[in-house]
1. Among Pro166, Pro76, Pro174, which one shows the biggest mean-square fluctuation in a GNM of the chain, springs joining Cα atoms closer than 10 Å?
2. With a 10 Å cut-off between alpha carbons and a GNM built on the chain, which of Ala143, Ala108, Ala12 moves the most?
3. May I ask you to derive the FRET efficiency for Arg3 and Asn51 from their Cβ-Cβ distance with R0 = 22 Å, giving the value to the nearest 0.05?
4. Note down the nm distance, to one decimal, between modelled labels 7 Å out along Cα→Cβ at Leu124 and at Lys184.
5. Per DSSP helix of 4 or more residues, -39500 (n - 2.57); summed, then divided by the residues of the chain. What does that give at 222 nm, rounded to the nearest 500?
6. Where the Cα atoms of the chain are projected onto their three principal axes, how long is each span, largest first, in whole Å?
7. Mind checking the dipole of the chain: about its Cα centre, +1 per Lys or Arg Cβ, -1 per Asp or Glu Cβ, Debye to the nearest 20?
8. Under 10 Å, Cα contacts only: if you run a Gaussian network model on the chain, which one of Ser81, Ser70, Ser113 comes out with the highest mean-square fluctuation?
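Rule-based calculations on the coordinates, nothing more; no lab input. Values in this document were obtained by computation on a predicted structure and should not be read as measured data. As a convention, Cβ positions derive from the backbone with ideal geometry for all residues, glycine included, and neighbour counts pool all protein chains shown.
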Amino acid sequence: MKRHWYDYLWIASALYLILGFFNIMFAWLGMLCFMIPLLIAVFGKSKAYCNRYCGRGQLFQLLGGKLKLSRNSEIPRFIKSKTFRYGFLIFFLAMFISMLFNTYLVFAGRELSHKVTLLWTFKLPWHWACHGTVFAPWVVQFAYGFYSIMLTSTLLGVVTMLLFKPRSWCVYCPMGTMTQLICKARNRKELN
């Protein structure tokens, strides 16, 4: 099978997590993982990002498939359900809004928190990843919050990859759910 440049995007996903561990400002690169899928869904009218370009999905496929770290079991039906997927999307968006609010608080004068919040609960000291910066404290706070979201979602993906099929995360990924909703809305609009 012929390999394409996008077959190696798993490297970018792994590199993102590593770079953010050492310098939190690299967390801003994760915005690409938020914006590109939405733009492809809006303008390309497809889920091509999820199907072809998602480095995280490729990373899980590599770990679970090629390296055989996955049990390769069927994902439970309740995780595939619309209720779970949409509920997780709403929860995820609420956590994203909370992160934006914390960023605003730092912008308004609250002290910068040098912590990464894992699983939206556990605050881990992450002071070594901020080496002083020319950026305003709120820019750094956004990086901490965004890295927290990306690290948490990666951890959830790894757990479901280990327990079920390699790309089980893709079933309930909030970006996948959002792009699917966008594609459905665009298709409905075109039919009318």
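1. Among Pro166, Pro76, Pro174, the largest mean-square fluctuation in the Gaussian network model of the chain belongs to Pro76.
2. Ala108
3. Working: r = 16 Å, r/R0 = 0.74.
Once rounded, the FRET efficiency stands at 0.85.
4. 3.4 nm
5. Numbers: 8 runs with 109 residues, N = 192.
Mean residue ellipticity, 222 nm, calculated: -18000 deg cm²/dmol.
6. Largest first, the chain extends 48, 46, 34 Å along its Cα principal axes.
7. Numbers: 22 positive and 4 negative charges, 183 e Å.
About 880 debye.
8. Comparing Ser81, Ser70, Ser113 in a Gaussian network model of the chain, the most mobile one is Ser81.
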